[in-house]
Each structure stands twice: as C-alpha cells, then as structure tokens.
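Contents: one structure, followed by commentary.
Laboratory data are not the source of any read-out in this text; all were calculated from the coordinates shown. Owing to the predicted nature of the structure, the values given are computational and were not obtained by experimental measurement. Please note: Cβ atoms are built from the backbone with ideal geometry, for glycine as well, and neighbour counts cover all protein chains shown.
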Amino acid sequence: MAGVDEIIRQWVQKAEKSGEVRDLPGFGEPFKFEDGFLETPTELRMAYKVLKNAGYVPAEIEMLQKLATMREELNAEPDPKKQHELKVKIAKMQQKATMMLEAMRSKR
C-alpha cells in the first residue's frame, strides 16, 4: 500500500502548491468528526460506513432516533394519561437501547 500512500501524498502536495485546496471550507482547521466515527468500535467502522452510505443506520442509532421522536411527542402531549403511556414506552425503549449499547461496548 505504500504506492497508494505515495500517490496520495504527491496529489495533496500538488493541490497545496496550486492553491486549489485553500478555498475549501475548513482549510487549515482540525477535522471535526461529528458523526460518531470516533465513538464507533474500530472493527465496526467500515461496516457502519458502508451501511450509512447505502442509506441504512444501525439498530442502536435507529432506536435512539425513535427515542428522540417519542420524547418530542411527550413534550407536546397535553393528556396526562397519554403522557404516562409515552413515559412507560420511553423507559422500556431506553432500557433496551442501553443494553444494546453496553453489549456493543463490551465487545471492544
């Protein structure tokens, strides 16, 4: 792979010399990983990246998104009985999500 690394290095040097990359957003700033990349276990990163590029999300993330939606519904719900039902659903789903995430962390 040293050949590929060398080609990339040469391309980057050429782009820097021509000034082509100076106009890009974020030039000269540290790269910001805001998509959970660094929090993802190393052995799962490639698989999750492929799934993300294909438009799929891991079950854990989908569950966290559902939790966020349910919390918004809870905040907007005026009926105390329905609020209680949503709180119970949220608690159960939160527990399940926590167990899934803990299982993933223990595999590290």
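FRET efficiency for residue 57 and residue 16, Cβ-Cβ distance as r, R0 = 35 Å, nearest 0.05? That gives a FRET efficiency of 0.50. When the scattering of the chain is computed by the Debye formula from its Cα atoms alone, each counted once and equally, what is log10 I(q)/I(0) at q = 0.12, 0.16 Å⁻¹? So the normalised log intensities work out to -0.69, -0.93. Cross-link reach is defined here as a Cα-Cα straight distance under 18 Å, omitting same-chain residues fewer than 8 places apart; for residue 14 the aspartates and glutamates meeting it are 5, 6, 23.
Any chance you could give the angle, 0 to 90 degrees and rounded to 10, that helix 2-18 forms with the longest Cα principal axis of the chain? Rounded to the nearest ten degrees, it is 80. Between the residues 48, 7, 21, the greatest Cα displacement towards the positive end of the dipole of the range 1-54, with unit charges on the Cβ of Lys, Arg, Asp and Glu, is found for 7.
Using just its DSSP H runs of length 4 or more, each adding -39500 (n - 2.57), the chain gives a mean residue ellipticity at 222 nm of -23500 deg cm²/dmol after division by all residues.
In the chain, Cα pairs under 8 Å separated by at least six residues give a relative contact order of 20 percent. Loop-located trypsin sites (Lys or Arg not before Pro) in the range 1-100 (DSSP state not H, G, I, E or B) with no more than 15 neighbouring Cβ atoms inside 10 Å: 22, 32. Counting lysine pairs in the range 41-108 that sit 8 or more residues apart in sequence, or on different chains, and whose Cα atoms lie under 27 Å apart gives 22.
The GluC sites (Glu not before Pro) found in the range 1-64 that occupy coil by DSSP, while having at most 11 further C-beta atoms within 10 Å, are 20, 34, 39. Once both labels are positioned 7 Å from their Cα atoms along Cα-to-Cβ, the gap between residue 24 and residue 69 label points is 3.5 nm. Note on the range 9-97: with charges restricted to the Cβ of Lys and Arg (+1) and Asp and Glu (-1), its dipole about the Cα centre is near 220 debye.
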